[in-house]
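The values are calculated or read from the model by the stated rules, or taken from the named source; none is laboratory data. All values reported here derive from a predicted model rather than from experimental measurement. With ideal geometry, Cβ positions are generated from the backbone for all residues, glycine too; neighbour counts draw on all protein chains shown. Areas reflect the complete protein model, heavy atoms only, side chains present, ligands, DNA and RNA absent. Shrake-Rupley method; radii C 1.70, N 1.55, O 1.52, S 1.80 Å.
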Amino acid sequence: MDEELFFSIAQHNITLVGTDGAYTKPLTSDYIMITPGQTMDLLLEANQPPNLYFMASRAYSSGFGVGFDRTTTTAILHYINTSHESTSPPPLPSLPPFNDTDSATAFTTRIRSLANKNHPVHVPMHVDEHLLFTFSVNLLNCSGTTPCAGPFGRRFSASVNNVSFVTPAVVDVLRSYYLGIGGVFDGDFPDKPPMEFNYTGEDLPESLLTPDFGTKAKVLEYGTSVEIVLQGTNVLAGDNHPVHLHGYSFYTVGWGFGNFDAERDPLRYNLVDPPEQNTVAVPKNGWAAIRFRADNPDLPAC
């Protein structure tokens, strides 16, 4: 649930034809990298000599010093009429190393929407709201009223624009909004980081380690076209961050390493056939830009 995964089948190629319920241009590879919450439609051509072949998957983890599951899970692809008398074990696929950002990048950046007459793309060309969200891994100290658990009096959390979300105790945010119940959330979630710094720099100050706590939301007018730049940071431990937008599909129009440059990087956006997704992997010490139209009210049940 927490980690991106490499997946491969020994001596076979697999062809990606869809992500998150949307068609893609066929992409053939000997491995894939998939993020938590993401779905992929893959085609397999069983064109190798009849035999047993291992399928295998293991974590991709790019954060230095961040713990992760180092095991490899396997299953067997079994061709019909394969002899069970063989004494040699089935071949294992050659998976990329767990921290192979180059391989993760090489796969994800090749994904493109089908973008034809029957399956057009609808990327917003005019943007009403430009947002910049930074994603950080934070260290929380046990003091005062700060919720805390874990060994050595500290625990880890995550924040967006230095705000670590606090779940409302009585009623959810959407219900409180539509029913006019006050005091549940604040509508002042920042459009950009409250404090600017070198997001992907080394030896960042300790003052960035502890986030603010709050139940905050960004309220958008129905039909607003939105661009969000999802910026990873190197606070505590830079890592690849899977980000899911609930209730929407979006177009991933840009992607890169380092700090997003608002003047230069949009010039490299793909507005022709960007992948349509609902989950995107923000690269370690990098950024991803997504666009969507806020046209799903997601009304709560009465």
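With no solvent and one equal point scatterer placed on each C-alpha of the range 1-53, evaluate the Debye formula and give log10 I(q)/I(0) for q = 0.31 Å⁻¹, two decimals.
Rounded to two decimals, the profile gives -1.24.
Under 22 Å between alpha carbons, and skipping anything fewer than 8 positions from Lys117 in its own chain: which lysines qualify?
Lys25
Tell me, what is the Rg over Rh of the range 179-302, with Rh the Kirkwood radius over Cα pairs?
With Rg and the Kirkwood Rh in hand, the quotient comes to 0.99.
Considering only protein heavy atoms, what per residue accessible area in square angstrom results for the range 29-124 with a 1.4 angstrom probe?
61
Which residue, Asn81, Asn13, Asn270, has the most motion in a Gaussian network model of the chain that connects Cα atoms within less than 10 Å?
Asn81
With the crude spin-label approximation of a point 7 Å out along Cα→Cβ, what separation in nm comes out for Asp188 versus Asn116?
A separation of 5.2 nm, rounded to one decimal place.
Only Lys, Arg, Asp and Glu count, each charged at its Cβ (+1, +1, -1, -1), so figure out the dipole size of the chain about its Cα centre, rounded to 20 debye.
Roughly 320 debye, rounded to the nearest 20.
Evaluate E = 1/(1 + (r/R0)^6) for Thr72 and Tyr248, where r is the Cβ-Cβ distance and R0 equals 25 Å; express this FRET efficiency to the nearest 0.05.
0.15
Could you report the range 217-276's accessible area per residue, 1.4 Å probe, as an integer in Å²?
Here the residues of the range 217-276 average 46 Å² of exposed surface.
So if we plug the beta-carbon distance of Asn296 and Asn51 into 1/(1 + (r/R0)^6) with R0 = 41 Å, what FRET efficiency do we get, rounded to 0.05?
Values: r = 48 Å, r/R0 = 1.16.
Calculated value: 0.30.
What FRET efficiency, computed as 1/(1 + (r/R0)^6) with R0 = 41 Å and r the Cβ-Cβ distance, is obtained for Thr28 and Glu206, rounded to the nearest 0.05?
After rounding, the FRET efficiency stands at 0.30.
Enumerate by residue number the chymotrypsin sites (Phe, Trp or Tyr not before Pro) in the range 220-264 meeting two conditions: DSSP loop (anything except H, G, I, E, B), and at most 16 other Cβ atoms within 10 Å of the site's Cβ.
For chymotrypsin sites (Phe, Trp or Tyr not before Pro) across the range 220-264 that sit outside H, G, I, E and B with at most 16 neighbouring Cβ atoms in 10 Å, the list reads Tyr222, Tyr248.
On a full-extension model of 0.36 nm per residue, what is the gain between Arg264 and Val127, subtracting their alpha-carbon distance, rounded to one decimal in nm?
Working: separation 137, 0.36 × 137 = 49.32 nm, distance 1.70 nm.
This chain segment gains 47.6 nm when fully extended.
Leaving out ligands, DNA and RNA, what percent of the accessible area of the chain is carbon and sulfur, probe 1.4 Å?
Here carbon and sulfur together make up 54 percent of the probe-accessible area.
If you take the C-alpha gyration tensor of the chain, multiply each eigenvalue by 5 and take the square root, what semi-axes do you get, largest first, in whole Å? Let's see the in-between values first.
On the way: eigenvalues 269, 128, 75 Å².
Equivalent ellipsoid semi-axes, largest first: 37, 25, 19 Å.
Of Ala22, Thr71, Gln48, which is farthest on the positive side of the dipole of the range 1-77, counting Cα position, with +1 on Lys and Arg Cβ, -1 on Asp and Glu Cβ, and the Cα centre as origin?
So the residue we want is Gln48.
In debye to the nearest 20, how big a dipole does the range 165-302 give about its Cα centre with +1 on each Lys and Arg Cβ and -1 on each Asp and Glu Cβ?
So the dipole magnitude of the range 165-302 works out to roughly 300 debye.
Show which aspartates and glutamates lie in cross-link reach of Lys218 when reach means a straight Cα distance below 17 angstrom and same-chain residues fewer than eight apart are skipped.
Answer for Lys218, where 17 Å is the Cα cut-off: Asp128, Glu129, Asp172, Asp186, Asp188, Asp191, Glu227, Asp295, Asp298, listed by chain and number.
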